[in-house]
1. Please tell me if ALA79 is among the small types (Gly, Ala, Ser) and at pLDDT 95 or above.
2. Within the group CYS163, CYS187, which residue is touching a residue at least 24 places away in the same chain (Cβ under 8 Å), touching an Asp or Glu at 6+ places or on another chain (Cβ under 8 Å), assigned to a loop (DSSP other than H, G, I, E, B) and among the hydrophobic types (A, V, I, L, M, F, W, C)?
3. Can you name every residue in the stretch 193-212 that is in a loop (DSSP other than H, G, I, E, B) and within 21 Å of the chain's Cα centre (by Cα)?
4. For the stretch 147-171, give me each residue that is buried (at least 16 other Cβ atoms within 10 Å of the Cβ), more than 20 Å from ASN19 (Cβ to Cβ) and aliphatic (A, V, I, L, M).
5. How about the stretch 185-224: which of its residues are acidic (Asp, Glu) and either within 13 Å of GLU7 (Cβ to Cβ) or surrounded by 12 or more Cβ atoms within 10 Å (Cβ to Cβ) (or both)?
6. Pull out all pairs, ordered by first then second residue, where Cβ-Cβ is under 6 Å, the residues are six or more apart or on different chains, the first lies in the stretch 55-81 and is over 23 Å from ALA5 (Cα atoms), and the second is of a type in the set (D, E, K, R).
7. What's the number of the only condition in (1) over 23 Å from the mean Cα position of the chain (by Cα); (2) at pLDDT below 95 that ALA9 fails to meet?
8. I'm trying to understand the selection: among the residues of the stretch 1-26, which are buried (at least 17 other Cβ atoms within 10 Å of the Cβ) and in a helix (DSSP H, G or I)?
Amino acid sequence: MVSTAIEKAALSAASTAYNANLDLASKSVAKMVMDVVTKLGAGNLQEGLEAAYPELVAQHSYVHANVALELYQNMRDAAGMNDGHTVEISYDSLYKMATGFARADLEDIVDWADTDGVTQQLQGSIVKDCGTIADRTLLSWARHDPAKPKWALVPEPGACAWCNMIASRGFVYSTEKTLAPVRHPNCRCESVVSFSKHPKVSGYDPEALRETYRKALSNASGDDAHDERNDMLRQMNKDSGYWRNKYQLKLKNDAGDASTT
């Protein structure tokens, strides 16, 4: 249980809205690729997406940012904050950030002749981009809020070792040193804020995640800290059944997924 019924309702509503937007974004990417191929031909796929894909990422990033805004305000209201402090979205900054992410996504594509591969890669990328937008907007508001809220990454069911490692930090005060998590393609974990002294989210147990992380780290091996971390992540994914479940869903290893190392 979260600390209040209002907070629980706010988190549930945000989660539903986030996932609905991501589902629609994924479908929109598939439709966009098909439309470009139909109208311009497969040989012009790159050119067509360079013109259209950044706008699509910006569109769905706007939705994600607005969901984050509503969540932030609801969590603030639930805590009884009446100091007049408000938060808002800088749409110019958001557009610049979102289209920058989108252009980077397109630069990462290696084989433009593989239409299905392009579709799958961009579907994973747009999910990552929207999540990153929510992360950064929430953290930005929290850093400048006199109420000093706490922030956490709540892992999605069946999350990878990388996300569980980040989530094991629990709720931390948002400062300039608190960085937005590095997301991987298809990541649907959710960043949340809380103004409660002892914040809790149903199904989220950072202490248990921290213990799993410590156990894996103590058994990890490698020539340096990087190798040791990668070994730890592999072991955590193996123990949790992450890869087994992913293969059962017939999903490919996500390019750039930190948990695949």
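1. No: the conditions fail for ALA79.
2. Numbers: CYS163 fails: assigned to a loop (DSSP other than H, G, I, E, B).
The unique qualifying residue is CYS187.
3. PRO199, LYS200, VAL201, SER202, GLY203, TYR204, ASP205, listed by residue number.
4. ALA161, MET165
5. Residues satisfying the conditions are GLU190, ASP205, GLU211.
6. VAL57/ASP129
7. So ALA9 meets the others, but not (1).
8. GLU7, ALA10, LEU11, ALA14, SER15, ALA17, TYR18, ASN21, LEU22, ALA25, SER26 - these are the residues of the stretch 1-26 that are buried (at least 17 other Cβ atoms within 10 Å of the Cβ) and in a helix (DSSP H, G or I).
The values are calculated or read from the model by the stated rules, or taken from the named source; none is laboratory data. Bear in mind the structure is a predicted one, so any value in this text is a computation, not a measurement. Here Cβ is always computed from backbone atoms with ideal geometry, including for glycine, and neighbour counts include all displayed protein chains.
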